[in-house]
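Shown next, in structure tokens, is the structure this report addresses.
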């Protein structure tokens, strides 16, 4: 399995779904190296950056589940090797 390192940026605009985001991240804990979450109260959003180390399939599965969640925007940058 070819593992890659990357960063996943998550913007939570629908704060009611924050627990769903946490549940998804928890289910992929084995590929998460670190996580930083910032509540931006003035704009009523939360921003989370997640450092991942896993296969493309694992990372894509996680971001796919996150992206299907209402009010969640996800962007990913992954190493080529």
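Only one of 59, 24, 5, 47 is part of a strand (DSSP E or B), under 11 Å from the mean Cα position of the chain (by Cα) and surrounded by 11 or more Cβ atoms within 10 Å (Cβ to Cβ). Can you tell me which? Let's see the steps before the verdict.
On the way: 59 fails: part of a strand (DSSP E or B); 24 fails: part of a strand (DSSP E or B); 5 fails: under 11 Å from the mean Cα position of the chain (by Cα).
Step by step, each of 59, 24, 5, 47 is checked, and only 47 is part of a strand (DSSP E or B), under 11 Å from the mean Cα position of the chain (by Cα) and surrounded by 11 or more Cβ atoms within 10 Å (Cβ to Cβ).
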message: With the structure loaded, tell me whether residue 38 is at pLDDT 95 or above, within 19 Å of residue 55 (Cα to Cα), in a strand (DSSP E or B) and out of contact with any helix residue (DSSP H, G or I) (no Cβ under 8 Å at 6 or more places or on another chain) or whether it fails that test.
response: no
query: Of (1) in contact (Cβ under 8 Å) with a residue 40 or more places away in the chain; (2) surrounded by 13 or more Cβ atoms within 10 Å (Cβ to Cβ); (3) outside any helix (DSSP H, G or I); (4) touching a helix residue (DSSP H, G or I) at 6+ places or on another chain (Cβ under 7 Å), residue 70 satisfies all except one. Which?
result: (2)
Those residues of the range 8-21 which are assigned to a helix (DSSP H, G or I) and farther than 29 Å from residue 81 by Cβ, in sequence order: 15, 16, 17, 18, 19, 20
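Go over the candidates 75, 81 one by one and state the one that is surrounded by fewer than 12 Cβ atoms within 10 Å (Cβ to Cβ) and out of contact with any helix residue (DSSP H, G or I) (no Cβ under 9 Å at 6 or more places or on another chain). Step through it out loud before you land on a result.
Values: 75 fails: out of contact with any helix residue (DSSP H, G or I) (no Cβ under 9 Å at 6 or more places or on another chain).
The match here is 81.
The values are calculated or read from the model by the stated rules, or taken from the named source; none is laboratory data. Since this is a predicted model, take the numbers as computed values, not measurements. Using ideal geometry, Cβ is built from the backbone for each residue, glycine included, and neighbour counts are taken over all protein chains shown.
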